[in-house]
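Please treat every number below as a calculation from the coordinates, not as lab data. Note that this is a predicted model, so its numbers are computed, not measured. Cβ coordinates were reconstructed from backbone atoms using ideal geometry, including for glycine residues, and neighbour counts include every protein chain displayed.
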Amino acid sequence: MDQNYQVLCARFHDICAGHRVYGHEGKCKNLHGHNYRIHFTCQAEKLDSVGRIIDFSVMKEELCDWLEENWDHKMLIWEDDPILSDLTILDFTVVAVPFNPTAENMAKFLLGHLGKMLLKNTGIKLIEVKVEETRKCFATARLEK
């Protein structure tokens, strides 16, 4: 890659999901939801023969579709949250996640989990995931150089 600049490509996807932040001292300790916007940023050592890092439709298939299938319109609850077993009897989909579902932990999980899926010997790296909980609040996880 040219030493003078980096080329990155990004795509975002919107989902609606519920969660609660276990141990939170304020309102977020309650079940509630957000219209999340999740940004994915990719990088590669070189552009392909067409001049791309990755086709945007591949980002949709690999990253956005995973969000649709696994988190969209679902309740994300930490697998160690004591209310998890009580929620599973309700008539909505509860997803037990291996982290307390803060925006920071969601971004970190997506970067690690989906980043491994995307790499598949392509040379493409998912280098950043930004999770917007609201228009004013977001968290970013970024691979260290």
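Observations, loosely collected:
- The spacing between segment 39-56 and segment 57-73, judged by their C-alpha centroids, is 18 Å.
- Shape of the chain, Cα gyration tensor, a/c cut at 1.5: prolate
- Close amide H partners of V95, meaning residues 5 or more places away or on another chain with modelled amide H under 5 Å apart, are M75, L76, I77.
- Using alpha-carbon coordinates, inclination of helix 103-119 to the longest axis of the chain, degrees: 40
- Subset of K46/K108; K60/K130; K46/K145 violating a 22 Å alpha-carbon distance limit: K46/K108
- Using the average count of surrounding beta-carbon atoms within 10 Å as a protection proxy, the listed peptides 33-44, 59-70 rank, highest first, as 33-44, 59-70.
- Where both bridge residues fall in segment 31-132, DSSP classifies roughly 65% of the beta bridges as antiparallel.
- What the Cβ-Cβ distance of N30 and E104 gives, at R0 = 25 Å and to the nearest 0.05, is a FRET efficiency of 0.85.
- Extending 7 Å from the Cα toward the beta-carbon at both C16 and V58 defines two label points whose distance is 3.3 nm.
- Hits among lysines - C-alpha to C-alpha of K27 under 20 Å, sequence gap 8 or more where chains match: K74, K136
- Each residue of segment 79-86 was assigned a 3J(HN,Hα) from its phi angle through the Karplus expression (A = 6.51, B = -1.76, C = 1.60, θ = phi - 60°), giving 4, 9, 6, x, 8, 3, 5, 5 Hz with x at Gly and Pro.
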